[in-house]
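Just below is one structure, and these are the notes that go with it.
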Amino acid sequence: MEPPPRRKRTGLVVGIVAASVAGLGLVGFSVKVLTEAGDVATGAGFPEAEYRLTVPKSLLDGTYTLAQDLSQTQGKAALDGAYDAKIRDPKPAVGQYTSGKAAGTSALVFSGMYGQFKDPAGARATMMEGAATADGATVAVPAKEITPAGSDITLTCQVLTSTQAGATTTLPMCAWADGNTGASVAVVTPETARQKPRSVDLAKVAATTLKVREEARQPLG
């Protein structure tokens, strides 16, 4: 009897990333009790709203193409009924992207929001915590702050392993947050999916995340 054909890992990689969208940032922002209702209502102490997040048709200079804009589905669902005293008027921006031929497909998930954020550093940490508690996720490399060379923007990065359908995949991710925008970015390729978590170059993931920020963050108006 011939053994059953092996499942292609490529499709599994993309599926794992897609299944993890809800945990890759937006869930991390929610659900906190509104303890500063007056400040949220008046805008006291919040930065001016100057930037928004878009979900571009492509990212990283066209390397990744938008497969699904999930802003009004998973993104909206994650924010419905969620309140955070340090975030005002949040709107979701969530996209799933793919790249490469069928035999070597890579995936990128961009999951975030825009509005007015009082505590960007706290938002980054909360995004990491939210992703780490997603179904099937395990922290393999704890969250740490990285400021890429030549940049004044600090990101928080970590490596998770995600187990789906009996297979475990390495899932590196980084998050940024500023006064108006915050998002986490996870990129999985057939190579990184099989990589040992501690061998992941998080500085490279941080640089990629900054590039996503540059392309997705746009002035209001």
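The table below lists the values:
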{"read-out": "Neighbours by Cβ (under 7 Å, 6+ apart or cross-chain): first from the range 55-72, polar (S, T, N, Q); second assigned to a loop (DSSP other than H, G, I, E, B)", "value": "Ser71/Val55"}
{"read-out": "Criterion (surrounded by 23 or more Cβ atoms within 10 Å (Cβ to Cβ) and over 26 Å from Gln195 (Cβ atoms)) met by exactly one of Ala123, Ala131", "value": "Ala123"}
{"read-out": "Filter result for Ala78 (in contact with a strand residue (DSSP E or B) (Cβ under 9 Å, 6 or more places away or on another chain) and touching a residue at least 40 places away in the same chain (Cβ under 8 Å))", "value": "yes"}
{"read-out": "Elements of type strands (runs of 3 or more DSSP E) in the range 135-221, at least 2 residues being among the charged types (D, E, K, R), more than 18 Å from Leu53 (Cα to Cα) and open to solvent by 10 Å² or more (accessible area, probe 1.4 Å)", "value": "137-146"}
{"read-out": "Residue satisfying condition, being touching a Lys or Arg at 6+ places or on another chain (Cβ under 9 Å) and more than 28 Å from Lys76 (Cα to Cα), within set Ala175, Ala203, Ala140, Ala149", "value": "Ala140"}
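The values are calculated or read from the model by the stated rules, or taken from the named source; none is laboratory data. Computed from a predicted model, the values in this text were never measured in an experiment. For neighbour counting, all protein chains shown are included, and Cβ atoms are generated from backbone atoms with ideal geometry for every residue, glycine included. Calculation scope for accessible area: heavy atoms of the full protein, side chains included, ligands and nucleic acids excluded. Shrake-Rupley method; radii C 1.70, N 1.55, O 1.52, S 1.80 Å.
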